[in-house]
Every structure is written in structure tokens, then in C-alpha cells.
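S.K.: First, the structure itself, so that you have it in front of you.
The values are calculated or read from the model by the stated rules, or taken from the named source; none is laboratory data. Remember, it's a predicted structure, so these values are computed and weren't measured experimentally. Neighbour counts run over all protein chains shown; Cβ positions are idealised from the backbone, glycine included.
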Amino acid sequence: MKQIIFKPELHKYSTCGEFIQDFSLGKGDLIIASESSYKNYFAKYVTDADVFYPRNYGSGEPTDQMVEALYADIEKTGPHKRIIAIGGGTVLDIAKLFALRDMHPVTDLFDRKIPLIKDKKLILIPTTCGTGSEVTNISILAFIQRGSKMGLADEQLFADYAVLIPELLENLPFHFFATSSIDALIHAVESALSPKATPYTKLFSYKAIEMILKGYQKIVENGKESLKLYIEDILIASNYAGLAFGTAGCAAVHATSYPLSGTFHVAHGEANYAMFTGVLKNYAKKKTDGALNELNLFISNLLNCDTADVNEEIENLLNHILPKKSLSEYGATEEIIKKWSESVIKNQTRLLSNNFVPLTQEEIYIIYKELL
């Protein structure tokens with residue numbers, strides 16, 4: 001059984017200047033970036049690179065339409081030897097595709113009609129603390145006409161270099177911190193419960209859970225303005241979570257969140273949080289021993305509560321970071337959640353195979369219904 005995948009070479013720098021000195025960005029490089037991060041930290045050091053900002057091609061989560069529009073413009077430049085991505089999950093997921101030899105049309109790529117062959121070096125630099133995308137082989141896009149997200153997972157999507165630079169997060173707005181770090185927490189929890197979890201992935205899962213929950217506790221105690229004191233730890237924790245789920249995988253929380261994101265354009269981490277404890281409670285209806293019991297014991301010690309109260313106490317803590325909404329507050333109805341249940345069973349088998357326990361379409365509908 002595969003124990004853990006360490007694919008990209010991992011680097012960490014205190015400042016962007018240190019990174020640029022080592023990697024010498026310039027001619028032959030394609031930079032796909034968050035505009036503010038690039039202009040504030042990189043632009044003065046870089047000449048002759050081709051630079052594109054995905055936000056100029058669409059807002060919110062990455063979509064097939066955004067990628068196609070970006071592709072049309074990037075095709076007019078180059079050739080490129082390296083792809084450097086500087087941004088959150090949207091930027092990193094998009095950049096992985098441009099490291100491939102062929103990626104158009106992107107629908108055919110995700111439908112596996114185009115062979116995945118990586119022919120450029122890929123450097124991924126996160127500017128949020130949640131996706132862990134810098135160390136995973138997964139790209140997620142929302143497909144507009146299909147009304148849902150799809151994930152593409154393949155070894156060809158691994159970065160050559162993953163680079164952590166805490167300086168990039170010094171001005172991260174609290175809301176983006178909240179949605180991204182909650183996503184990281186859920187990565188860690190889902191990978192800890194996955195049947196593919198190993199002693200090695202659990203080292204990273206459990207440490208990530210501990211670092212994120214302790215960080216939240218300190219922020220709640222000391223106020224949101226104290227975030228800058230803990231942001232580096234949570235950046236590292238999100239990287240740990242990425243290393244864990246890159247091998248063990250995410251599961252039903254992510255699978256059930258995708259239709260919510262796709263239908264109502266809800267941020268990925270926020271959509272995950274909407275589904276998080278609802279999925280865990282329904283796991284516990286079917287099975288309470290094994291990995292779930294182990295996890296609940298661990299979290300109960302961190303939150304100083306009984307194991308029976310873990311889900312409630314997690315929500316109490318997380319609601320200080322990002323208030324949770326019901327599905328109906330986003331606009332969901334019973335008719336919509338029935339369609340979502342069908343969509344999850346049909347389109348998210350890759351994720352559902354990592355569930356702590358199997359879930360039927362009816363059980364997925366019940367999860368949605370309870371959260372409505």
C-alpha cells in the first residue's frame with residue numbers, strides 16, 4: 001500500500017526577494033498570478049517574463065470559461081520553459097493545466113480525451129493558507145454548463161517546486177484567511193478518516209488539525225488583529241494537510257460541497273464548512289469506532305470537551321472565524337438538493353471512494369436535507 005507521496009521539492013523563504021534570487025525569474029517564464037501579490041512583491045524584480053492575472057478573465061472560483069479565455073491569450077506568447085503560479089487555489093489549479101503540453105479544450109482534458117503530458121517546469125507559490133494545492137496533483141474547475149465542479153488528478157499535475165513565503169500572507173484579508181484555513185482543516189480531517197490513510201499521512205493530518213485549531217483558539221482569545229502572529233503556522237499546517245490528502249484523499253465533505261459552490265458561487269472553503277459537520281454526524285450514524293473514534297478523541301483533547309460534543313464544539317469555535325449558514329440561506333431548496341444528490345453520486349466517485357463509510361444517494365440527500 002502506498003504510504004505517502006512527496007513529489008515537489010519543498011522550499012521556504014522569509015521574503016519574495018530571497019526566492020527570486022534563487023530562482024531568477026525572467027525570459028521564458030510564464031507567470032500566472034494574483035495581481036496584487038505580483039505587483040506588490042515581484043514586479044520590481046522581474047523583467048521579460050509573460051505575466052497573466054486570472055482575475056482579468058473572471059471572478060470567483062476557477063471555471064472552464066475562465067481557463068479557455070486565458071488560454072486564448074497565452075497562446076499568443078511564449079514559448080515557455082517554466083510556469084510560475086503566485087496566488088490562491090484558483091491560480092494554482094489553473095497554472096497546473098498550463099504546464100501540460102496540450103490542455104485545450106479543457107472539457108476534453110477533464111474528460112480524459114486528451115493525454116496528460118507535462119512539458120514545462122512548474123513552480124507553485126500559495127498566497128493563502130488553505131488549498132495545499134502546491135503539493136498535490138489535483139486541479140479543480142467549475143464547469144458552467146454542467147453546473148458542478150470536477151477534479152482532475154494525475155501525476156503530471158505535480159509541481160516541480162512548492163514554495164512557501166509567509167511574507168505573501170502578511171496582508172491577507174481575514175475572510176480569505178477564514179475560508180482557506182477552514183478548507184485546510186477539512187483536508188486534514190478527511191484525509192485522517194480516509195481508508196487510504198497511513199501512519200505517515202496521519203502524522204501530517206493530525207499535526208495540521210492541531211496547529212489550525214490551536215491557531216483559531218488564539219485568534220478568538222486575542223482578536224482578529226492577532227492573525228499576523230499565527231499566519232505562518234497556519235500556512236505550514238495547510239501544507240501539511242496538502243501532503244496528507246495528496247495521498248489519502250478528500251471525501252464526502254468536498255464531494256457534497258461542489259454542487260453548492262457550482263450553483264451559488266460559494267467560496268470553496270465556505271462551501272466545505274457548510275457541509276463539514278453534517279457529513280461527520282452522518283458518518284457516526286453508521287459507524288463510530290475506528291478512525292472516527294480516534295479522531296474524536298484527539299479533537300476532544302484539543303477542545304477540552306467530551307467526544308460526544310466534538311462536532312458541536314468545532315462549530316462553536318469555527319463560527320468565531322466564519323459564521324456558518326444553512327443551505328437555504330444560499331438559496332437551496334428541496335428540489336435543488338435532490339438534483340445535487342444525483343450529481344454527487346454521478347460525478348464525484350473519485351472523492352466518494354475515500355469516505356469513512358459508504359454513502360448512498362439517499363444518505364447524501366439526508367445530509368443535504370438536515371443542513372437545509
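S.K.: Considering only residues that are closer than 19 Å to D93 by Cα and β-branched (V, I, T), which ones fall in region 247-306?
M.R.: Within region 247-306, T247, V266 qualify.
S.K.: In addition: Checking the structure you have, find out if any residue of region 1-11 is touching a residue at least 60 places away in the same chain (Cβ under 8 Å), among the basic types (K, R) and either in contact with a Phe, Trp or Tyr (Cβ under 9 Å, 6 or more places away or on another chain) or not assigned by TED's automatic domain parsing to the domain that holds Y240 (or both).
M.R.: Yes, region 1-11 contains a residue that is touching a residue at least 60 places away in the same chain (Cβ under 8 Å), among the basic types (K, R) and either in contact with a Phe, Trp or Tyr (Cβ under 9 Å, 6 or more places away or on another chain) or not assigned by TED's automatic domain parsing to the domain that holds Y240 (or both).
S.K.: With respect to A99, determine if the residue is within 19 Å of L152 (Cβ to Cβ), buried (at least 19 other Cβ atoms within 10 Å of the Cβ) and of a type in the set (G, A, S).
M.R.: Yes: the conditions hold for A99.
S.K.: Does K287 satisfy the condition of being of a type in the set (K, R), farther than 28 Å from F143 by Cα, assigned by TED's automatic domain parsing to the domain that holds Y206 and under 24 Å from the mean Cα position of the chain (by Cα)?
M.R.: It is false that K287 is of a type in the set (K, R), farther than 28 Å from F143 by Cα, assigned by TED's automatic domain parsing to the domain that holds Y206 and under 24 Å from the mean Cα position of the chain (by Cα).
S.K.: Can you name every one of the strands (runs of 3 or more DSSP E) wholly within region 63-154 that holds 2 or more residues which are within 27 Å of T47 (Cβ to Cβ)?
M.R.: 82-87, 121-126
S.K.: Can you name every residue in region 328-364 that is more than 26 Å from D111 (Cα to Cα) and either part of a helix (DSSP H, G or I) or polar (S, T, N, Q) (or both)?
M.R.: Those that are more than 26 Å from D111 (Cα to Cα) and either part of a helix (DSSP H, G or I) or polar (S, T, N, Q) (or both): S328, E329, Y330, T333, E334, E335, E362, E363.
S.K.: Given the conditions (1) surrounded by 16 or more Cβ atoms within 10 Å (Cβ to Cβ); (2) more than 21 Å from the chain's Cα centre (by Cα); (3) outside any helix (DSSP H, G or I); (4) not polar (S, T, N, Q), which single one is not true for G26?
M.R.: Failed condition: (1).
S.K.: With respect to I336, determine if the residue is closer than 19 Å to S261 by Cβ and under 25 Å from the mean Cα position of the chain (by Cα).
M.R.: So I336 passes the test.
S.K.: Considering only region 213-225, I want to know if a residue exists there that is more than 13 Å from the chain's Cα centre (by Cα) and not in a helix (DSSP H, G or I).
M.R.: Yes, region 213-225 has at least one match.
S.K.: All but one of (1) more than 14 Å from the chain's Cα centre (by Cα); (2) at negative phi hold for G147, so report the exception by its number.
M.R.: So G147 meets the others, but not (2).
S.K.: Determine the pairs where a residue that is without any contact (Cβ under 8 Å) to a residue 12 or more places away in the chain, located within region 42-65, has a partner that is part of a helix (DSSP H, G or I) and crowded, with 16+ Cβ neighbours inside 10 Å with Cβ atoms under 6 Å apart, the partner being 6 or more residues away or on another chain.
M.R.: Every condition considered, the pairs that remain are G58/M66.
S.K.: Can you tell me which residue is farthest from Y283 (Cα to Cα) among those in region 313-362 that are touching a Cys at 6+ places or on another chain (Cβ under 8 Å) and touching a residue at least 24 places away in the same chain (Cβ under 8 Å)?
M.R.: L351
S.K.: Another question, if that's okay. Give the residues of region 29-54 that are outside any loop (DSSP other than H, G, I, E, B) and among the aromatic types (F, W, Y), sorted by residue number.
M.R.: Listed by number, the residues that qualify are Y38, Y41, Y45, F52.
S.K.: Within region 102-115, which residues are closer than 15 Å to I138 by Cα and either over 22 Å from the mean Cα position of the chain (by Cα) or surrounded by fewer than 17 Cβ atoms within 10 Å (Cβ to Cβ) (or both)?
M.R.: D111, R112, listed by residue number.
S.K.: What number goes with the only condition from (1) under 22 Å from G249 (Cβ atoms); (2) surrounded by fewer than 21 Cβ atoms within 10 Å (Cβ to Cβ); (3) touching a helix residue (DSSP H, G or I) at 6+ places or on another chain (Cβ under 9 Å) that S353 does not pass?
M.R.: Going through (1) under 22 Å from G249 (Cβ atoms); (2) surrounded by fewer than 21 Cβ atoms within 10 Å (Cβ to Cβ); (3) touching a helix residue (DSSP H, G or I) at 6+ places or on another chain (Cβ under 9 Å) one by one, S353 breaks only (3).
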